[in-house]
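Note sheet for the following structure.
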Amino acid sequence: LSLSLSLSLIKMEVMCDYCGEAPSTVYCEADTARLCLSCDRHVHAANAVSKRHSRALLCDGCNLRPAVVRCLKEKLSLCQSCDADKHESSPVASHNNRLRLEHYTGCPSAAELSQLWGCDLGVNDGSFIAKFHGYSFQQSR
């Protein structure tokens, strides 16, 4: 099995701590919560204090820790531990192009999140669409 396939087989899907209905996508350090994108926006738009909470994308490998890098070749966002497991164990994978992921605050738009997370944005019928982490989210122009 390839390592990316192995990661997907062992990855446990963690549901959003707020709604409990959608898979979690981001981690809020201040709330120690794993949230879907919709709940992340809802919770962190509530007031000026919550807008300052630092959040990060969840690791595609373990879905437990904040991701620190995006492997552009494998299209995976990985925490420090999963990145080391994946890229240090293979001389070929160690040369993959990786993008350092930044934490974010406030309520960024879909376009801003896609830039932070190294995603491609496409234009479709007047809306920006970013496909990431198995989901699509839209923002009108």
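The values are calculated or read from the model by the stated rules, or taken from the named source; none is laboratory data. Source: prediction; values computed, not measured. Methodologically, a virtual Cβ is constructed for each residue, glycine included, from the backbone with ideal geometry; neighbour enumeration extends over all protein chains shown. Calculation scope for accessible area: heavy atoms of the full protein, side chains included, ligands and nucleic acids excluded. Shrake-Rupley method; radii C 1.70, N 1.55, O 1.52, S 1.80 Å.
To keep it simple, each residue is scored yes or no on (1) at pLDDT below 95; (2) open to solvent by less than 70 Å² (accessible area, probe 1.4 Å); (3) under 22 Å from residue 109 (Cβ atoms).
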site: 2; (1), (2), (3): yes, yes, no
site: 20; (1), (2), (3): no, yes, no
site: 64; (1), (2), (3): yes, no, no
site: 73; (1), (2), (3): yes, no, no
site: 78; (1), (2), (3): yes, yes, no
site: 88; (1), (2), (3): yes, no, no
Specify the residue that is most open to solvent (accessible area, probe 1.4 Å); the eligible residues are those in segment 47-62 that are farther than 15 Å from residue 17 by Cβ and part of a loop (DSSP other than H, G, I, E, B).
-> 52
Can you name the residue in segment 22-46 that is open to solvent by less than 70 Å² (accessible area, probe 1.4 Å) and small (Gly, Ala, Ser) and is also farthest from residue 86 (Cα to Cα) among such residues?
-> 45
